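Below is one structure, written out as structure tokens; the observations come after it.
The values are calculated or read from the model by the stated rules, or taken from the named source; none is laboratory data. Fair warning: this is a prediction, and the values are worked out from it, not measured in the lab. No Cβ is skipped: glycine too gets one built from the backbone with ideal geometry, and neighbour counts run over all protein chains shown.
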Amino acid sequence: MRNYLKYAVVLILAVALLALGGISCSSGGGGATPTPKAAYKVGALFATTGGGSNLGKPEEETVNMMVEQINAAGGINGHPLEVIFYNTESSAEKCATLTTRLIEQDNVLAIIGPTTSGESLAIIDTVTTAKVPLVSAAANIGIVTPVSERYWVFKTPQADKEVAAEILRNMQQQDMTKVAIITNTSSFGAGGRSVLKSDAGNYGITIVDDQTFSTGDTSMQSQLTHIKGTDAQAVICWDTDQQAAIVAQDMKTLQMTIPLFCSHGIANQAFIDEAGAAANGVVFPAGKLLIVDVVPASDPQKEVLVQYKADYEAKYGKVVSTFGGHAYDALSMVVMALKDMPEGLDTAAARQAVRDGIEQIKDFAGISGVFTMSPTDHLGMQPGSLAMIEIVDGKWTWLQ
Amino acid sequence: MSTAQFVQYLVSGVTQGSIYALIGLGFTMIYAVTRIINFAQGEFVMLGGMLSFTLAHSLGLPLAPALIISILVASLVGAGMYVLAIRPAKNASVVSLIIITIGAAIFIRGLAGVLWGVDAVRPPVFTGSNSISFLGAYIHPQALWIIGTTVVVTIIVHLFLSYTMVGKALKACAINPVASSLVGINPRTMALIAFVLAAAVGGIGGVVMAPLTLTAYNVGIMLGLKGFVAAAIGGFKSPLAAVFGGLLLGIVESFAVAANWGPFTSAYKDAIALIVLMLILLVRSGKLAEEERAG
């Protein structure tokens, strides 16, 4: 019995080695295929399992779809595009290891992702030292600031600051001056809380109550009871769908009549499903992808939004998500830079050329907004990229 | 604080506390008979909620059979966990058995994540979702169901342990396993019964709370933690004490938010709850030591 086991182990190892050899042969032999030019290699770090999987999965699917489309159309200046995917498992440590692998072993020209802020912040030093351009798909503004220390790093999703500004501006237009905030103590919620606290004053708004809750809390009634006891004219909740849905429901239970504003963290169908009738009347800023049907044809993003939504939904048979859009924008930027890159550069020079190319992108209409990069702005999102959305009868509608 | 506000904090606290109480009850049942702290207790709650969503929402079954089936399946998982994971390790120390329950929890959670995906879901409410006014405060109808269920389950468990043969055997096993096996009570059967009952109570908690609190594959972690605290306040000895512990925890959490005094914003509510736990354990540890000496 023991012997059989031993043989089995040896056999499995042998097969595994063969398979590994096969993989390296096939990637090494890319140049030997009928395509006359070598493939451009781009690394993709997405959290397709773990806490970030709701974000990482549509990102991976989006990039897969784009690679098929680009290669079917003849690649980039005749070079096929090869994207090497690694699953970070939503872990910053794992992500750091995989980054080194992409740079040292796979010799990629650029990296898109990672999915979450924690992972992105964890690999900034690695890509900076190795001089590899990174286009992150995560929210935290610290990923691209201070820009003097982020020479190699770009990102595509809007930062908390723009989102908060959109909410506060909307309140100012409605002559609101007093607001209560309720935020998760997670890094996402805490980011929103600090930007709301620092920027509310710029819009003549005072925060009269500042409540928090923890991930996993199943009732926010006590915090909302406290808010109810103040003279707040509105509530801002900064969290993702699940617990924001509980906030909406508890406000309804407590028969609070002041409006509820939420962050872009609830920009998915899950929030409407979870909050049910309590979702109605909730207002939040988000990219235009959700409400593409009501975006006017004159909008510069209209065409790309319609196309992406149709392609994605046809291919995967599920509703498109804004997170996939972040990956769309990231890969699009890398591809634009690769298009402008001269032929025959070595890896280091090619990486430099891609970085410079991304920094020169102007008026690129993507999924999350219109981008104009510059040496002082590595997010480059132009005003007007966010739309204020109200949930009416369980449907998203654009507030103009 | 106005009366209405006071009542509102109390109502919220009692609702949350009832949930913690049901989970704490499950912890106590298994601990009393086996001395195992079952860290998969929160997973039974999750299973109850997720199953009721699948049956009542996705498959469109009428509510009552959907709830009963969910609770039965959760109990079966409890039985399966004992038979497949705990009983085979019969000679292992209690610490090893506790670690096995952690493993089982991770396994159940992972399986649920694969089966149901990662999004939170809301099973249908039992009787409407328009809140009811009560002394100037408002209460969700589902919260009344939660509180009512906790009261009924607690009474049933108490009656079961005090007045039925199996219940008395469980109690005997909890008080002195060696002596009870001498009089013909099989401790393994008792342990199996304890696991099934704990899983059933967890499942009941899951189906009754999920329409209000939402549920997802990973809610078991946090709920298990709160239930553990409830059971710890109760000293892991009597089910009634665990229920008291749960209610106390819920009410303290709620009023910790109400206090909102100086730097102590709602961010500190979990810390305040833990401080209460530590104070109680400090007071109790003296008593426990006395009991040990006496016993």
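Quick look at the numbers
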item	result
Residue count for region A:382-400, restricted to those that are modelled with pLDDT of 90 or more, assigned to a loop (DSSP other than H, G, I, E, B) and touching a helix residue (DSSP H, G or I) at 6+ places or on another chain (Cβ under 9 Å)	1
Candidates B:250, B:203, B:234 - the one that is closer than 24 Å to residue B:11 by Cβ and either modelled with pLDDT of 90 or more or within 11 Å of chain A (Cβ to nearest Cβ) (or both)	B:250
Among the candidates A:313, A:274, residue that is over 30 Å from residue A:132 (Cα atoms), part of a helix (DSSP H, G or I), away from chain B (no Cβ under 14 Å) and of a type in the set (D, E, K, R)	A:313
Matching option when the condition is in a helix (DSSP H, G or I), crowded, with 18+ Cβ neighbours inside 10 Å and of a type in the set (S, T, N, Q), among A:211, A:243	A:243
Residue list for region B:117-132, filter: part of a strand (DSSP E or B) and at the interface with chain A (Cβ under 8 Å from one of its Cβ atoms)	B:121
Residue satisfying condition, being more than 14 Å from chain B (Cβ to nearest Cβ) and at pLDDT 95 or above, within set A:234, A:286	A:234
Tabulated pairs, region B:8-22, first more than 8 Å from chain A (Cβ to nearest Cβ), second hydroxyl-bearing (Ser, Thr, Tyr), C-beta under 6 angstrom, 6+ apart or interchain	B:18/B:150; B:21/B:150; B:22/B:150
Residue in region B:162-181 that is in a helix (DSSP H, G or I), touching a residue at least 24 places away in the same chain (Cβ under 8 Å) and either within 16 Å of the chain's Cα centre (by Cα) or within 14 Å of another protein chain (Cβ to nearest Cβ) (or both) present	no
Residue list for region A:98-117, filter: touching a strand residue (DSSP E or B) at 6+ places or on another chain (Cβ under 9 Å) and either modelled with pLDDT under 95 or not hydrophobic (A, V, I, L, M, F, W, C) (or both)	A:99, A:101, A:106, A:107, A:113, A:114, A:115, A:117
All positions within region A:79-107 that are among the charged types (D, E, K, R) and either in a helix (DSSP H, G or I) or more than 22 Å from the chain's Cα centre (by Cα) (or both)	A:93, A:94, A:101, A:104, A:106
Matching residues, region A:167-179, being in contact with a strand residue (DSSP E or B) (Cβ under 7 Å, 6 or more places away or on another chain) and surrounded by fewer than 24 Cβ atoms within 10 Å (Cβ to Cβ)	A:170, A:171, A:176, A:177, A:178
Residue within region A:171-182 that is more than 27 Å from the chain's Cα centre (by Cα), of a type outside the set (Ser, Thr, Tyr), within 10 Å of chain B (Cβ to nearest Cβ) and part of a strand (DSSP E or B) present	no
Odd one out for residue B:213 among (1) more than 10 Å from every other protein chain (Cβ to nearest Cβ); (2) hydroxyl-bearing (Ser, Thr, Tyr); (3) surrounded by 22 or more Cβ atoms within 10 Å (Cβ to Cβ)	(1)
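Residues are listed down the side, and each one gets a yes or a no for (1) within 29 Å of residue A:156 (Cβ to Cβ); (2) in contact (Cβ under 8 Å) with a residue 12 or more places away in the chain; (3) crowded, with 19+ Cβ neighbours inside 10 Å:
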| site | (1), (2), (3) |
| --- | --- |
| A:207 | no, yes, no |
| A:222 | no, no, yes |
| A:226 | no, yes, yes |
| A:237 | yes, yes, yes |
| A:248 | yes, yes, yes |
| A:257 | no, no, no |
| A:260 | yes, yes, yes |
| A:273 | yes, no, no |
| A:278 | no, yes, yes |
